[in-house]
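Asks: Below is a structure I'd like to ask you about.
The values are calculated or read from the model by the stated rules, or taken from the named source; none is laboratory data. Being a predicted model, the structure only gives us computed values, none of them experimental. Cβ placement follows ideal geometry from the backbone for every residue including glycine, while neighbour counts extend to all protein chains displayed.
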Amino acid sequence: MKQKVIDSHLHVLKKRNFNRTIYESAGFLYPEDTPINNLVMWLKGAGVERAIIMGQDMSRIWDSTCGEDYVLDCCNKYPDYFLALASIEPINKYGRFNKPALEYFEKAIENYGFKGILLTPPYGQYSLDDPEVYPFYMKAIELDAIVQFHCCAQLGPIILAPFRYVSYEALNNVLVNFHEMKVVVEHINYPWYEELFFMMACNENVYADIAMTYKRPINLCWNLVKAKEYGVIDRIMYASDYWVAGQGIFSGDPGKDMEEWIELIRNGIKNIAEKCGWPKFSNEDIDGILYLNAAKLYKII
């Protein structure tokens, strides 16, 4: 019997919400709408029982979003399958506190049943320890909401993630000041993995996902060994980071991609660890990454 799987991080979008001129001028392909029925088919075919969906707000610099209305539509269409995070820019175009975004955050949690927010400082070109962002952290604690960060580097076009906005020191400042806040760090904070594991070891409210790490299986396996050594592997979660078929890490067959990545976690990393003479992964470790850790965080029975 196969283990259960939760996909803890994937995106849905409507291309009408993107500024095509700005997006293509930076060298990126104009995305296509998420085919939501196909996405659910791909996920279920890969064995995914629940999924955490979100858009991505890039309105401050890129004049683009994925469409928060579409995220809500998807949740309403598949209420027993999707959970959602709201995506916001906490700093407005003038570098000031974004009050409407805070109001939307509260509405998304209390009225729509969303579970938290996604913040992407590199795309919005702000620091996550900017005091203007702090009201969002205080609101997250008040609402018992999760804050998910993309605060890692970008392997590829560095224009998406200038290093001044991906500081792990800034992440540490936030975790120190808001230690009771529930946090997810995407991509195990590439390439500052060990710094993240140390912070996770100091704060049991910090989780991480392994999205976009599957193309380097030996590196992924070694980092999971380190997570186990730091005692934080029980807060590492599988995620596909679905964006658009045929773009980024996804081929034209996303379902096949997902099946391969889940199989890598289910069996592949065990084989790599054994061949390399590294500490072994238990079935409990694997179950945790694929399902139990996300189920604990999101209170999925």
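Asks: For the list (1) within 21 Å of S64 (Cα to Cα); (2) surrounded by fewer than 23 Cβ atoms within 10 Å (Cβ to Cβ); (3) in contact with a Gly (Cβ under 9 Å, 6 or more places away or on another chain), I need the number of the one condition that E132 fails.
Replies: Evaluating E132 over (1) within 21 Å of S64 (Cα to Cα); (2) surrounded by fewer than 23 Cβ atoms within 10 Å (Cβ to Cβ); (3) in contact with a Gly (Cβ under 9 Å, 6 or more places away or on another chain) leaves (1) as the failure.
Asks: Here are the criteria: (1) touching a strand residue (DSSP E or B) at 6+ places or on another chain (Cβ under 8 Å); (2) at positive phi; (3) acidic (D, E). Tell me which single one E68 does not satisfy.
Replies: Checking E68 against (1) touching a strand residue (DSSP E or B) at 6+ places or on another chain (Cβ under 8 Å); (2) at positive phi; (3) acidic (D, E), the one that fails is (2).
Asks: Could you tell me whether K44 is of a type outside the set (S, T, N, Q) and farther than 22 Å from H150 by Cα?
Replies: Numbers: of a type outside the set (S, T, N, Q): yes; farther than 22 Å from H150 by Cα: yes.
Against the criterion (of a type outside the set (S, T, N, Q) and farther than 22 Å from H150 by Cα), K44 qualifies.
Asks: Against the definition (within 18 Å of the chain's Cα centre (by Cα), modelled with pLDDT under 95 and either of a type in the set (G, A, S) or not in a helix (DSSP H, G or I) (or both)), how does Q148 come out, yes or no? Talk me through it step by step, then tell me what you get.
Replies: Working: within 18 Å of the chain's Cα centre (by Cα): yes; modelled with pLDDT under 95: no; either of a type in the set (G, A, S) or not in a helix (DSSP H, G or I) (or both): yes.
In short, no.
Asks: Show me the helices (runs of 4 or more DSSP H) entirely contained within region 11-113 in which 2 or more residues are in contact (Cβ under 8 Å) with a residue 24 or more places away in the chain and farther than 27 Å from E263 by Cβ.
Replies: By residue number, 20-25, 59-62, 68-77, 99-110.
Asks: Still on this structure, please answer the following. Run down Y190, Y214, Y230, Y165 and say which single residue is touching a Cys at 6+ places or on another chain (Cβ under 9 Å), under 18 Å from I269 (Cβ atoms) and of a type in the set (S, T, Y). I'd like the intermediate steps shown before the answer.
Replies: On the way: Y214 fails: touching a Cys at 6+ places or on another chain (Cβ under 9 Å); Y230 fails: touching a Cys at 6+ places or on another chain (Cβ under 9 Å); Y165 fails: under 18 Å from I269 (Cβ atoms).
The match here is Y190.
Asks: Enumerate the pairs (first residue in region 244-261 and aliphatic (A, V, I, L, M); second residue anywhere and in a loop (DSSP other than H, G, I, E, B)) with beta-carbon separation below 6 Å, excluding pairs fewer than 6 apart on the same chain, so at least 6 apart or on different chains.
Replies: V244/P31; V244/E32; A245/G252; I249/M212; M258/A46; M258/S240
Asks: Which one is surrounded by the fewest Cβ atoms within 10 Å (Cβ to Cβ), of the residues in region 84-101 that are hydrophobic (A, V, I, L, M, F, W, C) and more than 16 Å from G55 (Cβ to Cβ)?
Replies: The first filter runs over region 84-101 and keeps only residues hydrophobic (A, V, I, L, M, F, W, C), leaving 84-86, 88, 91, 97, 101.
Still in the list and also more than 16 Å from G55 (Cβ to Cβ): 91, 97.
Details: I91: 22, F97: 17.
The extreme case among them is F97.
Asks: Moving on to the next point. Among the candidates L128, L155, which residue alone is assigned to a loop (DSSP other than H, G, I, E, B), within 19 Å of A101 (Cα to Cα) and under 18 Å from the mean Cα position of the chain (by Cα)? Give the steps one after another, and end with the answer.
Replies: Working: L155 fails: within 19 Å of A101 (Cα to Cα).
Unique residue meeting the criteria: L128.
Asks: Follow-up. Return yes when I146 is in contact with a strand residue (DSSP E or B) (Cβ under 8 Å, 6 or more places away or on another chain), closer than 24 Å to Y193 by Cβ and buried (at least 19 other Cβ atoms within 10 Å of the Cβ) and no when it is not. Steps first, please.
Replies: On the way: in contact with a strand residue (DSSP E or B) (Cβ under 8 Å, 6 or more places away or on another chain): yes; closer than 24 Å to Y193 by Cβ: yes; buried (at least 19 other Cβ atoms within 10 Å of the Cβ): yes.
Taking the combined requirement at face value, the residue satisfies it.
Asks: While we're on this one: Take region 251-301 and flag every residue that is part of a helix (DSSP H, G or I) and aromatic (F, W, Y).
Replies: First, the residues of region 251-301 that are part of a helix (DSSP H, G or I): 254-276, 283-298.
If the condition is that a residue be part of a helix (DSSP H, G or I) and aromatic (F, W, Y), then W261, Y291, Y298 are the ones that fit.
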